Amino acid sequence: MDNLKSKKILIVDDEPEIRIMIESFLRKEGFFRIYSAADCASALSICRTGKPDIAILDVMLPDGDGFSLLSSIKQFLDMPVLFLSARGEDEDRLLGLGLGADDYMVKPFLPRELVLRLTAILKRVYSSPVAERLSAFQLGEYIIDLDSAIVHRNQQELPLTAKEHAILVKLYENQGRIVTSDALCQAVWGDDSYGYENTLMVHIRRVREKIEMDPSNPVYLLTVRGLGYKLLVKAIR
C-alpha cells in the first residue's frame, strides 16, 4: 500500500477551499506528492511537466470544463481520473465516464469517501507486480524517486548514478533489515563483485551525501559494523 502513497495526485478545482480541503485529507492519509490547479490551462501545464499518476477534476472551471480538459489530457497522458461536479445529472455522469473517467462524485461530498474512492482507483490501476517493483519514498524532507533515479531535496533534483540507484533499490527492498556488504556488492556488480567492499563504501558515502542532511552522522542509511548496511524509512507521508 505504501507504494501507492507515493503516486502523484493532481487536484483541479477553481474553489481554493475545496483544493485545500482535499489536499489536507490526502496528506493525512499519507499522500505527499500533490499538485493543484485552479483552471484548465494550469492543469494542462502540470500534466505536461509533472506527469501526475491520477487527477481529481472539477467539471465547471473558469476557462473551460473538466470534460474538455480530460479529452486534452488524454491526447498525451494516460492516467485515471475522478470527476467532481456540483451537478448530479445522469447525462453529466455518463459523459464523464464515457470519456474515460474512472469515477464521478457529486458535491457536496464526504472527504473520507473521496479518499477511499481515489485509493480504490489507484489500487486497481497500479497494484501489479511490475508497478510495485520500484517506488518513491520520503526521508525527512527529501523524496527519493526510484522510478526516475532522482533525489528531490530543497527544490533541487539530484540524479542518482546507476550504482547509487542499485544500492538504494536493494536497501529499499529490505528496508529496516540488514543487507550484508556481500549482498550489496552482488546487487551492484553482479558475479564480479568480489573485492569491491572498499569501492562500496565510497558509493555509500556518495548516496549519503544525497539523502542525508548530515552525511557524517547518518540517520537513515546506517552502517551495521561487521555486517553491512540498513535503510530506515521512518515515514511516508
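The values are calculated or read from the model by the stated rules, or taken from the named source; none is laboratory data. Being a predicted model, the structure only gives us computed values, none of them experimental. All Cβ positions, glycine included, derive from the backbone under ideal geometry; neighbour counts span all protein chains shown. Accessible surface is based on the protein model in full, side chains and every heavy atom, while ligands, DNA and RNA are left aside. Shrake-Rupley method; radii C 1.70, N 1.55, O 1.52, S 1.80 Å.
Pairs are defined by a Cβ separation below 6 Å, a sequence spacing of at least 6 or placement on different chains, a first member in segment 200-212 that is under 15 Å from Ala187 (Cα atoms) and outside any helix (DSSP H, G or I), and a second member that is modelled with pLDDT under 90 and acidic (Asp, Glu); no pair meets this definition. Evaluation of Tyr229 against the conditions (1) within 17 Å of Tyr172 (Cβ to Cβ); (2) in a helix (DSSP H, G or I) shows that the sole unmet condition is (2). Just the residues that are assigned to a helix (DSSP H, G or I), open to solvent by 10 Å² or more (accessible area, probe 1.4 Å) and closer than 20 Å to Leu122 by Cα, please, taken from segment 71-82. Across segment 71-82, the qualifying residue is only Lys74.
Any residue in segment 151-180 that is on the phi < 0 side of the Ramachandran plot sitting within a Cβ distance under 7 Å of a residue that is crowded, with 17+ Cβ neighbours inside 10 Å and acidic (Asp, Glu)? List the pairs, counting only those 6 or more apart or interchain. Partner pairs satisfying both residue conditions: His152/Asp145. Report, by residue number, each residue of segment 184-215 that is at pLDDT 90 or above, open to solvent by 50 Å² or more (accessible area, probe 1.4 Å) and of a type in the set (D, E, K, R). Arg205, Arg206, Glu209, Asp214, listed by residue number. Scanning segment 161-180 for residues that are over 10 Å from Leu231 (Cβ atoms), open to solvent by 30 Å² or more (accessible area, probe 1.4 Å) and part of a helix (DSSP H, G or I) yields Ala162, Lys163, His165. Only one entry of Leu118, Leu122 meets the criterion of being more than 27 Å from Gln186 (Cα to Cα), touching a helix residue (DSSP H, G or I) at 6+ places or on another chain (Cβ under 6 Å) and either at pLDDT below 90 or open to solvent by less than 40 Å² (accessible area, probe 1.4 Å) (or both), and that entry is Leu122. Checked against the criteria, Ile143 counts as assigned by TED's automatic domain parsing to the domain that holds Leu171, under 20 Å from the mean Cα position of the chain (by Cα), at pLDDT 85 or above and not small (Gly, Ala, Ser). Note on segment 1-70: enclosed helices (runs of 4 or more DSSP H) holding 2 or more residues that are open to solvent by less than 50 Å² (accessible area, probe 1.4 Å) and touching a residue at least 60 places away in the same chain (Cβ under 8 Å) are 2-5, 16-28.
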